[in-house]
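Here is the structure we will look at.
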Amino acid sequence: MPLPLSPQQQRVLDAQNNLLVVGGPGSGKTTVALLKARAEMAGLHEGQYILFLSFSNSAVAQINAASTEILQKADYRQIRVQTFHSL
C-alpha cells in the first residue's frame with residue numbers, strides 16, 4: 001500500500017537534483033529519504049549500494065526501524081545505514 005505523501009514530499013521524491021530537506025521531528029524526512037533510496041535502487045549495479053550516514057546510533061536505529069516498514073527484504077542488500085564513526 002503506497003504511503004500518503006504531501007505535495008512537498010512528492011516534490012522531493014520527483015526531484016532529480018541534490019536537495020537539502022529540513023523539517024522538524026515527525027515531518028517525514030526519514031520516510032521520504034527511504035522512499036527516494038528505494039526509487040534509486042533500480043539503477044544500481046552489482047556491488048553498489050545506497051549509504052545513509054548519521055552522527056548517532058539512535059538515528060541509525062530509527063532509520064533501520066523505519067526501513068522495515070518501507071523497504072522490502074530484497075532491498076536490504078542495497079542499503080547501508082551507519083554512523084560516521086563506524087564508516
* Using label points projected 7 Å from each Cα along Cα→Cβ, tell me how many nm separate Ser27 and Ala66, to one decimal. => 1.2
* Obtain the nm distance between the two label points defined at Asp14 and Ser86 by a simple spin-label model: each point lies 7 Å from its Cα along the Cα-to-C-beta direction. => 3.5
* **Rel. contact order, % - alpha carbon contacts under 8 angstrom, at least six apart, the chain** => 30
* Would you pull out the residues with amide H under 5 Å of Thr83's amide H, same chain only if 5 or more places away, H placed 1.01 Å from N? => Ser54
* Two-decimal Rg/Rh across the chain, once Rg and the Kirkwood Rh are taken from alpha-carbon atoms -> 0.94
* **Highest-MSF residue in the chain out of Val22, Val12, Val32 [GNM, Cα springs under 10 Å]** => Val22
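Bear in mind these aren't lab numbers, they're just calculated from the coordinates by the rules spelled out. Just so we're clear, the structure is a prediction, and the values are computed from it rather than from any experiment. Heads up, the Cβs are rebuilt from the backbone with ideal geometry, glycines too, and the neighbour counts pull from every protein chain shown.
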